[in-house]
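J.: What follows is a structure written as structure tokens; I'll ask about it next.
The values are calculated or read from the model by the stated rules, or taken from the named source; none is laboratory data. It should be emphasised that the depicted structure is a prediction, and the values quoted were computed from it without experimental measurement. As a convention, Cβ positions derive from the backbone with ideal geometry for all residues, glycine included, and neighbour counts pool all protein chains shown. Accessible surface areas use protein heavy atoms only, side chains included; no ligands, DNA or RNA. Shrake-Rupley method; radii C 1.70, N 1.55, O 1.52, S 1.80 Å.
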Amino acid sequence: MRLPEGTQDRLSRLRGKSPVDPDSVLARALVIAVLTLLMHSALPATAGSAQVLVSHWPGADAAPLSVDSESPPANDDFANAAVITTFPFTDALTAKGAGPDGPLLCSGRRGTVWYRFTAPTDAKIAVDTFGSDYNTRLAVYTGESIDTLTEIACNDRAGPGPYGTEQSRWSLSVKTGSTYYFRVALLDQHERSGLLVFNAGEGASPSNDDFVDAQAVPNLPFSETTSTDFATLEPNEPQAFCLGGNAASTVWYRLTPTEDVLVVADTIGSDFTTFLSVWAERPSGLTQVNCTSRLSLPDPRLAIKALAGQTYYFQAGGFSFREQAGTLVFGLSVGTRPPNDDIGDATVVSALPFGDFVDNTTASSEPDEQVCGDTTIGASVWYRHRATEDAIIAVDLTGSEFVERAVSVYVEDELGVLLPFECSIRRRFGFVASAGTNYVFQVGSMASAFPAPRGGNLSFALESLRIPACPAPQFSVPDLVGDLDVNVRRERPDLVGVSGALGTDNFCATLEFADGSEPPGTDLEVTTFAWFVFDTDENPETGSDLGYSCAVDLGLGIDLSVGTSATAGVLVPLYQPGVPDAIVFYSERSLTISIPQSALGDGPPFNFAVMVGPRADPGGMPTMLKPSDCLPNGDFIQWPAALGNANCTGVANAIDAALLLQLHGGLINTLPCDVGDVDGDNDVDAIDAALILQFVAGLLDSLPAADD
């Protein structure tokens, strides 16, 4: 069968290849698709499916192909919503044929089915999709028509099921005579709807479901276990800042202490994803004091300094996009501050390594507490260490249970004044410490992102690392000045070259830049990123082809990527079990990185390339997808270089011979890789260049020095 005239050329333009052979896979697939469409309407169909005859590859017999054509359920459309008349209510159906319908809000418009309920009396009801075998999203609406619907709830991932927690649930208060619509949709665009089980029931809400019925706490400690299955969210109920307006199924407690007291609230022991929020009753209305959730802590808890005579409201519940309800365990107790809460009580670290584990939930921020750069730390604890030697100090918060962690490092001068030295929000970072210097560490949670800091179990560790020694350069590869990507903005680094050497336990590389940092006066560490990619086994078939964003495909099988990061200080995480971090040092116009040999596979030889570029913003993520300069241009560096490979690019060729002649003639001072003495006479001259040319031409099987 011939393709329509012009089709071959159009296909070849799309694929960037020569005109398509009619016998090719693409042509056959096109023919099959056309035949399927033409024959579908002409063949008899059976209920639930249709059959078409399609040809397999040449030589095969024609065979029937069954095409699934499930009919839509009766309640596929809003206008045909299934009516709920009594409780309990359960409906099970196949939703495979359901189509899209309804508002775009509460995403998931595919495979929608609808239910409707008109309340005969005021009641508390709950609806769910537990028992369904696909990922659902449930929306609740009020309104008279599909065009005037008002969303009052949206839930996903609410409870048990074959997808773990990917079924939906919502509880709500219904009013006499009001009509409510429930839409169930397929959430995952890559799946198909399957068996839908829709349940609805009526129940009693907790006595403290509403704010006005907040349960009074008579004294501390206090604990209560309650079911929130039919707890609801009131219209215009205050929303906690740590949830972004996603509270659900809340209950309320209130406390008015007779004296100032440090109060700790928690939901430890609850069987669903909970949140906690504290509000103070002020003349202007409710003011939020603190907030936390299980999204931040495995066991949500928070602390407030409660003042005598002030009434505090504790709001606890679930999430509209996670588990909405369950068994809630709510507790209040009297807390105590950590012993190193204030800088005057900083824990003294006399020797390294050092480790400490403390709950900083009750930690405070002192008046006028130090701020390091843009990092404001609340709920902080303090440590003090006097360095006994020049070394790298690694700070590690791995094991802390909250994510809003931050560390500020200060140098304490002879007058006791704290001078900001290093700030980081990374779980691990490092800095170069000088012997005899006092360092003070402020550790806690970031206060800048939330009105009140959150805390939890904090793990704090210090260790001393040897400052790596880099041997004298063994290779030096230059780069053209001004060969920048014109699509990258002006604040960009321009590479002059890279030099490096292989030591006993590390590989060192130094990048030289044409100019200093841009804009002038800023640190190169803040404005510039560098990204090294290594093919550690010299095999392009292993590793990844991702990670190098320069315009040309190097043919490297990338086994290791190493990128610098300002917020890690001098440490560059390699994320390899048992392998130490790489270490980077900056100067005004260069950076030097030391990479452990253990990260480079079985050791040399290996191939590598490097790209550099501006950061998205000071301290921000590197713009790795838009490097401003690459080295080498369109090639990679081999180290140690093969004999005769004077430009370090992996193979000896005529370019290397030309470099040897330039060196011999005094036009250049050094070779990028010092491997030009191919005849082994301890001199690089025209004879070596001639031998390389003979080797390239196939007149020599190998270079003389390689046979020695």
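J.: With the requirement that a residue be open to solvent by 20 Å² or more (accessible area, probe 1.4 Å) and at pLDDT 80 or above, what does region 544-569 give you?
T.: Scanning region 544-569 gives 559, 561.
J.: Could I ask something else about it? Which ones in region 660-678 are buried (at least 22 other Cβ atoms within 10 Å of the Cβ), more than 21 Å from residue 509 (Cβ to Cβ) and not small (Gly, Ala, Ser)?
T.: 660, 678
J.: OK, next. Please tell me if residue 286 is under 30 Å from residue 383 (Cα atoms) and in contact (Cβ under 8 Å) with a residue 24 or more places away in the chain.
T.: no
Yes or no, residue by residue, for (1) open to solvent by less than 20 Å² (accessible area, probe 1.4 Å); (2) among the charged types (D, E, K, R):
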site: 174; (1), (2): yes, no
site: 178; (1), (2): no, no
site: 195; (1), (2): no, no
site: 202; (1), (2): no, yes
site: 217; (1), (2): yes, no
site: 248; (1), (2): yes, no
site: 256; (1), (2): no, no
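J.: Quick test for you: out of 491, 463, pick the one residue that is modelled with pLDDT of 85 or more and surrounded by fewer than 19 Cβ atoms within 10 Å (Cβ to Cβ).
T.: After applying the criteria, what remains is 463.
J.: Give the number of residues within region 278-295 that are modelled with pLDDT of 90 or more, small (Gly, Ala, Ser) and either open to solvent by 10 Å² or more (accessible area, probe 1.4 Å) or closer than 13 Å to residue 319 by Cα (or both).
T.: Counting residues in region 278-295 that are modelled with pLDDT of 90 or more, small (Gly, Ala, Ser) and either open to solvent by 10 Å² or more (accessible area, probe 1.4 Å) or closer than 13 Å to residue 319 by Cα (or both) gives 0.
J.: Turning to a different aspect of this structure: Could you identify the single residue in 216, 248 that is at pLDDT below 95 and either in contact with a Gly (Cβ under 7 Å, 6 or more places away or on another chain) or more than 21 Å from residue 272 (Cβ to Cβ) (or both)?
T.: On inspection, the qualifying residue turns out to be 248.
J.: Same structure again: For region 326-357, give me the residue count where each residue is closer than 26 Å to residue 312 by Cβ, of a type in the set (Val, Ile, Thr) and not in a strand (DSSP E or B).
T.: The number of residues fulfilling the criteria is 1.
J.: Same structure again: Which residue is nearest to residue 202 (Cα to Cα), if the candidates are limited to region 221-232 and must be part of a loop (DSSP other than H, G, I, E, B) and open to solvent by less than 50 Å² (accessible area, probe 1.4 Å)?
T.: If we take residues in region 221-232 being part of a loop (DSSP other than H, G, I, E, B) and open to solvent by less than 50 Å² (accessible area, probe 1.4 Å), then 230 is nearest to residue 202 (Cα to Cα).
J.: While we're looking at this one, here's another question. Where the second residue is open to solvent by 30 Å² or more (accessible area, probe 1.4 Å) and charged (D, E, K, R) and the first is on the phi > 0 side of the Ramachandran plot and lies in region 638-657, which pairs have Cβ atoms under 8 Å and are six or more apart or on separate chains?
T.: So the pair list comes out as 650/635.
J.: Let me ask something additional. With the requirement that a residue be more than 26 Å from residue 496 (Cβ to Cβ), in a loop (DSSP other than H, G, I, E, B) and in contact (Cβ under 8 Å) with a residue 24 or more places away in the chain, what does region 666-702 give you?
T.: 677, 678, 679, 680, 685 - these are the residues of region 666-702 that are more than 26 Å from residue 496 (Cβ to Cβ), in a loop (DSSP other than H, G, I, E, B) and in contact (Cβ under 8 Å) with a residue 24 or more places away in the chain.
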